[in-house]
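Chemist: First, the structure itself, so that you have it in front of you.
The values are calculated or read from the model by the stated rules, or taken from the named source; none is laboratory data. All values derive from a computational prediction rather than experimental measurement. We place every Cβ from the backbone using ideal geometry, glycine too, and count neighbours over all the protein chains shown.
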Amino acid sequence: MTRKIYVPADSCAIALGADKVAASLELQLGPEFNVIRNGSRGLFWLEPLIEVESEQGRIAYGPVLPDNIDEAFVNAVKSAGKHPLCLGLTEEIPELKCQQRLSFARLGITDPLNIDDYIAHGGFEGLHTALTLSAQEIVDEVQTSGLRGRGGAAFPTGIKWQTVLTTEASQKHIVCNADEGDSGTFADRLMMEGDPFCLIEGMIIAGLAVGADKGFIYLRSEYPRAATQLQQAIDIAEANHFLGNNIAGSDKCFRLELRIGAEAYICGEETSLLRSLEGKRGMVSAKPPIPAISGLMGQPTIVNNVITLASVPFILAKGAEHYQSFGLGRSRGTLAFQLAGNIKRGGLYEFAFGMSLRELVFDIAGGCRHGDAHAIQIGGPLGAYLPESLWDTELDYEAFATIEAGIGHGGIVLFNQDVNLAQQARFAMEFCAAESCGKCTPCRIGSTRGTEVMDRIIARQSTDQNLELLDDLCDTMELGSLCAMGGMTVIPVRSAKQHFPEDFHSGAQSRD
Amino acid sequence: MSDDQLKHALAELAMAHRDQLGGLMPLLHAVQKQYGYIPEICAATVAPVFRLSTAEVDGVISFYHQFKSRPQGKHRVQICRAEACQANGCRSLEQFSKDHLQLDYGESSDDGLISLDSVYCLGLCSHGPAVRVDDELYVQVDNEKMTRIIRELTS
Ligand SMILES: Cc1cc2nc3c(=O)[nH]c(=O)nc-3n(C[C@H](O)[C@H](O)[C@H](O)COP(=O)(O)O)c2cc1C
Ligand code: SF4
Ligand code: FES
């Protein structure tokens with residue numbers, strides 16, 4: 001019998017040398033070993049993380065760089081034995097063991113493009129349940145689960161689906177928002193590269209729930225590997241009759257198409273995304289009408305984030321009650337937190353809502369890799385910069401709203417003492433100017449003015465007047481912007497200024 | 001290739017996407033892949049196929065950072081300049097790379113080998129600074145690693 005060795009084929013692992021490691025192991029291990037290219041476990045500081053099957057379970061080694069592969073290493077792997085890089089049983093790695101992997105239950109365990117492996121690990125159980133339910137019953141399950149959109153706005157998914165179900169139309173669509181533009185986030189990427197069938201299953205279930213037989217995945221072009229993985233997964237699902245006509249032997253059909261963006265952050269905003277899918281400029285449109293009533297080509301459309309859709313198979317398979325037993329208050333289930341920036345143990349951490357930011361960033365992820373932690377930005381480029389005094393905030397949607405911050409898509413970026421928060425505020429304005437769709441003046445022009453004002457503040461020119469100007473500008477952008485691009489750019493700016501005043505005022509020493 | 005041949009080829013590509021929902025975006029990707037940029041006559045040539053005006057097609061091309069209306073270098077080097085990479089020192093990598101290549105963002109080298117661009121996040125945010133060269137990804141790129149990457153492209 002051949003033994004399995006796992007070498008992740010994830011973008012981050014590959015960038016760290018996983019392809020070379022796989023090739024070299026294949027060469028040196030001989031025919032009694034079968035090298036499987038799995039997804040990443042999401043423990044990026046240990047990548048490339050190699051695993052070998054043993055009687056006790058999978059034994060991990062990492063980080064295994066191409067240079068580490070010598071005779072001693074090969075021998076150790078062959079016997080699943082001791083080596084300085086051995087981490088013991090993968091499942092016992094503390095940072096993995098403490099997680100609640102619901103949506104990411106298969107991540108790194110399976111071969112992402114092996115549909116039998118997917119099925120052997122619970123894949124399509126949710127779909128089979130859904131096929132026994134009426135459309136309304138599926139929507140009810142999603143409602144009961146308490147699932148809220150994971151793309152940033154945290155809108156209740158069940159309510160959105162109910163609207164699409166209730167709206168009469170000859171054609172409806174399911175659109176997956178895979179634009180994942182926020183800095184510090186990679187959960188969508190991990191799902192698409194590491195468990196693409198899970199997203200596909202979620203989209204099929206969404207189709208059954210609202211009576212839509214056509215779906216699109218709108219993927220950012222910055223993720224070349226996710227594109228090839230998804231396209232292959234779609235082809236394989238079609239060949240196995242999970243897409244197309246008579247899915248899983250039923251009388252239902254669902255077709256899925258992958259579309260690629262073209263480097264525009266604003267196309268993550270749902271109306272901009274829909275225009276882009278229609279082949280137009282990605283201009284934001286005013287709501288109402290909401291996409292659930294008038295979306296793609298004016299037809300009722302579910303637009304959901306990758307993780308929202310990929311959470312649905314678990315909910316259908318294990319039951320809404322089980323999913324909603326995780327979390328607290330109005331934040332139910334789990335969130336895939338992404339630890340990024342200057343962080344010791346960066347990667348994907350799926351947890352129920354409710355842990356404190358400090359516990360996650362410091363107790364679990366180890367704090368800064370270099371230097372001392374100084375600021376945390378959470379929720380992407382439109383998210384707040386938080387000082388130490390706010391790090392005890394509980395990670396749930398409502399608690400973050402009370403400190404004028406948001407969890408967004410779950411990206412958490414740690415900065416050390418070298419960061420200058422005035423520079424970060426300037427960048428927020430500059431980013432808005434570069435990525436604004438241009439429809440509203442406060443966003444388009446305000447952000448350019450904001451960049452100039454920040455330049456003067458950083459140069460310590462008439463600080464008081466310029467700070468006042470900055471406040472006015474923020475108010476105008478907040479009130480006069482159609483969407484959150486202009487409206488929420490003020491959040492990183494204001495939080496930086498409020499919580500890190502020393503970087504904005506004359507008298508203080510400029511640190512940059 | 002003569003202008004007529006180019007027009008013909010573009011029209012043929014456009015026909016392949018004509019009946020696709022929102023086919024203009026996939027078409028523009030196909031054109032850029034084929035020619036490395038979107039030739040000037042593309043808009044006027046494909047507009048009638050999609051029942052659009054030339055100005056409308058030009059509007060779409062200019063909206064997206066990825067679509068280029070000038071010829072690009074053989075290799076595209078993109079440096080991530082988003083926040084998580086800033087936390088790992090991408091600002092100095094950006095400056096070093098611009099100086100080293102003697103290019104600013106959006107520019108291409110005279111020998112037609114390299115185009116330099118920025119990118120906002122490659123999803124490698126725990127291991128920044130991150131760099132993309134065509135479809136290859138690099139992490140924890142310091143000045144030395146960048147020098148090596150560029151040397152490999154130029155040798
Ligand atoms: C400027 C801007 C950028 C956005 N980018 C994304 C994105 O990259 N991915 C995403 O899922 N949602 C993004 N959103 C949120 C979407 O508009 C929308 O709320 C989401 O796709 C709905 O799906 P959900 O309910 O499953 O979260 C963005 C919103 C704004 C205003
Ligand atoms: S706020 Fe900015 S991005 Fe949003 S619609 Fe207005 S101009 Fe476009
Ligand atoms: S911020 Fe640079 S890769 Fe995400």
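Chemist: Only one of (1) surrounded by fewer than 17 Cβ atoms within 10 Å (Cβ to Cβ); (2) more than 14 Å from chain A (Cβ to nearest Cβ) is not met by B:K33, so which one is it?
Modeler: (2)
Chemist: Name the helices (runs of 4 or more DSSP H) wholly within the stretch A:417-485 that hold at least 1 residues that are of a type in the set (S, T, N, Q), away from every other protein chain (no Cβ under 14 Å) and away from ligand 3 (no atom under 16 Å from the Cβ)?
Modeler: A:441-458, A:463-480
Chemist: What are the residue pairs meeting all of these: first residue in the stretch A:269-283, first residue within 7 Å of another protein chain (Cβ to nearest Cβ), second residue small (G, A, S) and part of a helix (DSSP H, G or I), Cβ atoms under 7 Å, and 6 or more apart or on different chains?
Modeler: A:R281/B:G59; A:G282/A:S272; A:G282/A:S276
Chemist: Same structure, new question: Which one is nearest to ligand 2 (Cβ to nearest atom), of the residues in the stretch A:246-273 that are of a type in the set (G, A, S) and assigned to a loop (DSSP other than H, G, I, E, B)? Step through it out loud before you land on a result.
Modeler: We begin by selecting, within the stretch A:246-273, every residue of a type in the set (G, A, S); these are A:248-250, A:261-262, A:264, A:268, A:272.
Filter once more, so that each one left must be assigned to a loop (DSSP other than H, G, I, E, B): A:250, A:261-262, A:264.
Details: A:S250: 41, A:G261: 15, A:A262: 16, A:A264: 10 Å.
Within the stretch A:246-273, the match that is nearest to ligand 2 (Cβ to nearest atom) is A:A264.
Chemist: Could you tell me which residue of the stretch A:216-253 is surrounded by the fewest Cβ atoms within 10 Å (Cβ to Cβ), considering only residues that are among the aromatic types (F, W, Y) and under 16 Å from the mean Cα position of the chain (by Cα)? Show your work before the answer.
Modeler: First, the residues of the stretch A:216-253 that are among the aromatic types (F, W, Y): A:216, A:218, A:223, A:242.
Among the residues that remain, those that are also under 16 Å from the mean Cα position of the chain (by Cα) are: A:218, A:223.
Values: A:Y218: 24, A:Y223: 26.
Of everything passing the filter in the stretch A:216-253, A:Y218 is surrounded by the fewest Cβ atoms within 10 Å (Cβ to Cβ).
Chemist: Also, I was wondering about something else. Go through (1) in a loop (DSSP other than H, G, I, E, B); (2) within 11 Å of chain A (Cβ to nearest Cβ) one by one and return the number of the condition B:Q72 breaks.
Modeler: It fails just one condition, (2).
Chemist: Here is a list: B:Y138, B:Y64. Which entry is within 16 Å of ligand 2 (Cβ to nearest atom), surrounded by fewer than 23 Cβ atoms within 10 Å (Cβ to Cβ) and either within 25 Å of A:L339 (Cα to Cα) or at pLDDT 95 or above (or both)?
Modeler: Details: B:Y138 fails: within 16 Å of ligand 2 (Cβ to nearest atom).
The unique qualifying residue is B:Y64.
Residues checked against (1) assigned to a helix (DSSP H, G or I); (2) of a type outside the set (D, E, K, R); (3) within 18 Å of the chain's Cα centre (by Cα):
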position: A:I307; (1), (2), (3): yes, yes, yes
position: A:A340; (1), (2), (3): no, yes, yes
position: A:E350; (1), (2), (3): no, no, yes
position: A:V361; (1), (2), (3): yes, yes, yes
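Chemist: If I filter the stretch B:123-135 down to residues being more than 8 Å from every other protein chain (Cβ to nearest Cβ) and out of contact with any Cys (no Cβ under 9 Å at 6 or more places or on another chain), which single residue comes out as surrounded by the fewest Cβ atoms within 10 Å (Cβ to Cβ)? Write out each step before concluding.
Modeler: Filtering the stretch B:123-135 down to residues more than 8 Å from every other protein chain (Cβ to nearest Cβ) leaves B:129, B:131, B:133-134.
After this cut, where a residue has to be out of contact with any Cys (no Cβ under 9 Å at 6 or more places or on another chain) as well, the list is B:133-134.
Details: B:V133: 16, B:D134: 12.
Checking each candidate, the answer is B:D134.
Chemist: Could you identify the single residue in A:G279, A:G261, A:G295 that is more than 10 Å from ligand 1 (Cβ to nearest atom), more than 25 Å from A:T166 (Cα to Cα) and modelled with pLDDT of 95 or more?
Modeler: Values: A:G261 fails: more than 10 Å from ligand 1 (Cβ to nearest atom); A:G295 fails: more than 25 Å from A:T166 (Cα to Cα).
Every option except A:G279 fails the conditions.
Chemist: Quick test of your reading of the structure: B:D4 fulfils all but one of (1) more than 14 Å from chain A (Cβ to nearest Cβ); (2) modelled with pLDDT of 95 or more; (3) part of a helix (DSSP H, G or I). Name the failing condition by number.
Modeler: All conditions pass for B:D4, except number (2).
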